[in-house]
1. Report, by residue number, each residue of the stretch 40-51 that is surrounded by 12 or more Cβ atoms within 10 Å (Cβ to Cβ) and without any contact (Cβ under 8 Å) to a residue 40 or more places away in the chain.
2. Restricting the stretch 14-37 to residues that are more than 28 Å from L64 (Cα to Cα) and part of a helix (DSSP H, G or I), which is least open to solvent (accessible area, probe 1.4 Å)?
3. Taking the options L7, L64, name whichever one is in contact (Cβ under 8 Å) with a residue 12 or more places away in the chain, in contact with a Gly (Cβ under 7 Å, 6 or more places away or on another chain) and part of a helix (DSSP H, G or I).
4. Give the number of residues within the stretch 137-154 that are open to solvent by 30 Å² or more (accessible area, probe 1.4 Å) and at pLDDT below 90.
5. How many of the residues in the stretch 115-155 are touching a residue at least 60 places away in the same chain (Cβ under 8 Å), of a type outside the set (G, A, S), out of contact with any Gly (no Cβ under 9 Å at 6 or more places or on another chain) and not in a loop (DSSP other than H, G, I, E, B)?
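The values are calculated or read from the model by the stated rules, or taken from the named source; none is laboratory data. Keep in mind the model is a prediction, meaning the values are calculated, not measured. Here the Cβ is made from the backbone with ideal geometry for all residues, glycine too, and neighbour counts use every protein chain on show. All accessible areas refer to the heavy atoms of the entire protein, side chains included, with ligands and DNA or RNA removed. Shrake-Rupley method; radii C 1.70, N 1.55, O 1.52, S 1.80 Å.
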Amino acid sequence: MVSASALLIAGILTFTMGIDRLFFVEAMAWTFLIWGALLLYGHIIDIGTVYEVSDEGLVIRSPLRFWALSRKWAWGNMTRLDVVVRRREASAADVDLQIHYTPEDSTVLFREDLPFIPELAEEIASRAGLTPERRQAMQSFDSIPQDEKGSYTWN
């Protein structure tokens, strides 16, 4: 979110300081404003997304994602769950959860990235019937590997 704010501030300052006399500088300022607004909108969408576990599947509600306000993923069509540890000696804030979903009669693979919440990950894996790969360092969601970063898969 910091990069989005920096782009917005740089674009605004270009106009308020009056250094937009050259076409190239003005074009760069507008580009900074547009990209800053788009990045900020993406972060706001991520913050406002709510994940609900139901008997039928995982419901993903995002009130600011106008093209898909609500999506429902059936448990039987979830093909994989990845736990991505981004650094050594990681805490829950350094870990991401990636859910892979393929609808029936389709070859399209959808992926939803969400923050790592061990209880939610356990619920998704158990309801979707996913088990951890053999010989990987992470066999349960309660213990994050501290020795190395990596990606741990449940199929």
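1. Residues of the stretch 40-51 surrounded by 12 or more Cβ atoms within 10 Å (Cβ to Cβ): 40-46, 48-49, 51.
Across the stretch 40-51, the qualifying residues are L40, Y41, G42, I44, I45, D46, G48.
2. We begin by selecting, within the stretch 14-37, every residue more than 28 Å from L64 (Cα to Cα); these are 14-27.
Now drop any that are not part of a helix (DSSP H, G or I), which leaves 14-16, 23-27.
Values: T14: 20, F15: 61, T16: 99, F23: 165, F24: 142, V25: 45, E26: 67, A27: 37 Å².
Top of the filtered list is T14.
3. On the way: L64 fails: part of a helix (DSSP H, G or I).
When all the criteria are applied, what remains is L7.
4. Start the filter on the stretch 137-154 by keeping residues that are open to solvent by 30 Å² or more (accessible area, probe 1.4 Å), which leaves 137, 139-140, 142-144, 146-149, 151.
Okay, now just the ones that are also at pLDDT below 90, so 137, 139-140, 142-144, 146-149.
Final tally of qualifying residues: 10.
5. 6
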